[in-house]
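Visitor: This is the structure I have questions about; it appears just below.
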Amino acid sequence: MSEPVPTIVLGGTGYVAGELLRLIAGHPRLALAGVLSDSQPGESVAGAFPHLLSAYPALKFASLEEIDSLMRRTPNCALFSAAPHGVAAGLIDRLLGAAEAGGMHAHCVDISADFRYASAADYESVYKHPHGAPARIAQFTCALPEHLPAAPTPHMSHPGCFAAASLLASVPLLASPNCFSPGSRAARARAASPPRARTTPCVTAISTATARSLTATPRRSPPAQGAPRASRPRSISCLIRVRSPAAFTSPCRRVWSNP
């Protein structure tokens with residue numbers, strides 16, 4: 001087995017950095033080389049994350065200058081950024097530039113939103129401030145590693161927690177040829193008909209119009225003084241109905257929508 005890859009974590013005292021440190025501690029191919037913290041340089045990593053004391057008993061947070069020097073003299077390293085949005089891009093750009101100036105190779109994974117968008121204009125339209133390193137955007141691919149056989153760019157960015165949850169659930173379905181029926185006339189006709197008890201699909205999506213009627217809160221006149229307050233209508237917490245629990249044991253579940 002090859003030697004573990006020296007790994008550097010940015011934004012060291014935050015929650016996401018703590019999770020990165022925990023994962024790196026148990027990773028067979030990564031070896032932690034430094035943790036950046038502008039607010040607590042020289043302080044113990046275990047002081048910020050007591051649950052990681054056994055993994056990093058003597059490790060201390062490093063300053064930006066120390067990490068910059070480390071990037072310049074580490075031939076191949078992995079850089080994980082847990083720095084906040086708007087800060088990560090400039091920080092990453094500086095450290096990748098330091099590695100390039102020293103003739104070193106580094107691969108970066110950014111957990112913030114700074115490299116999720118394909119252009120600086122898209123980023124600025126959402127976050128309302130200029131991008132910190134627009135020249136680096138083309139070097140990043142925003143995706144989950146589970147969905148890429150190989151990285152098409154030197155660096156990667158994370159799509160975000162909500163997007164990741166949606167992608168992890170939907171991409172395997174879209175990639176499987178057996179989980180969705182082809183759009184044949186018979187399939188469209190069946191989808192247009194109301195579902196019955198013997199309908200094969202186990203999940204039925206309620207139509208938009210039905211969902212709106214279910215979730216709409218009717219306007220009521222204020223009760224007269226002294227009159228008992230009417231109970232509030234129950235909210236609809238889920239718009240997905242399970243048709244047949246036994247169908248979950250089948251290798252394929254098809255989703256049908258009412259018109």
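The values are calculated or read from the model by the stated rules, or taken from the named source; none is laboratory data. On a predicted model such as this, the values are computed, not experimentally measured, just so you know. Note that each Cβ is placed from the backbone with ideal geometry, even for glycine, and that neighbours are counted across all protein chains shown.
Visitor: Please go through (1) under 21 Å from the mean Cα position of the chain (by Cα); (2) within 19 Å of V5 (Cα to Cα) for A138 and return the number of the only condition it doesn't satisfy.
Guide: Condition not satisfied by A138: (2).
Visitor: Mind checking which pairs have a first residue in the stretch 157-169 that is assigned by TED's automatic domain parsing to the domain that holds C142 and at positive phi and a second that is in a loop (DSSP other than H, G, I, E, B) and among the charged types (D, E, K, R), Cβ under 7 Å, 6 or more apart or different chains?
Guide: Here the result reads G160/R116, each pair linking the stretch 157-169 to a residue that is in a loop (DSSP other than H, G, I, E, B) and among the charged types (D, E, K, R).
Visitor: Out of all the residues in the stretch 6-15, which are touching a residue at least 12 places away in the same chain (Cβ under 8 Å) and under 18 Å from E43 (Cα atoms)?
Guide: Residues satisfying the conditions are I8, V9, L10, G11, G12, T13, G14.
Visitor: Restricting attention to the stretch 99-132, and to residues there that are touching a Leu at 6+ places or on another chain (Cβ under 9 Å) and among the small types (G, A, S), which single residue is surrounded by the fewest Cβ atoms within 10 Å (Cβ to Cβ)?
Guide: Among them, the one singled out is G132.
Visitor: Right, something else. Out of contact with any Gly (no Cβ under 8 Å at 6 or more places or on another chain), assigned to a helix (DSSP H, G or I) and modelled with pLDDT of 95 or more, is that true of L96?
Guide: In short, yes.
Visitor: Quick one: what pairs do we get from the stretch 64-75, first residue in contact (Cβ under 8 Å) with a residue 40 or more places away in the chain, second part of a helix (DSSP H, G or I) and surrounded by 15 or more Cβ atoms within 10 Å (Cβ to Cβ), C-beta under 6 Å, 6+ apart or different chains?
Guide: Partner pairs satisfying both residue conditions: M71/L95; M71/A98; M71/A99.
Visitor: Now, a different point. Condition (residue is of a type in the set (G, A, S), surrounded by 14 or more Cβ atoms within 10 Å (Cβ to Cβ), closer than 25 Å to D68 by Cβ and under 14 Å from the mean Cα position of the chain (by Cα)) applied to the stretch 145-166: is it met by at least one residue?
Guide: Yes: one or more hits.
Visitor: If I ask for residues that are among the basic types (K, R) and surrounded by 15 or more Cβ atoms within 10 Å (Cβ to Cβ), which ones from the stretch 73-87 would you list?
Guide: Passing the criteria: none in range.
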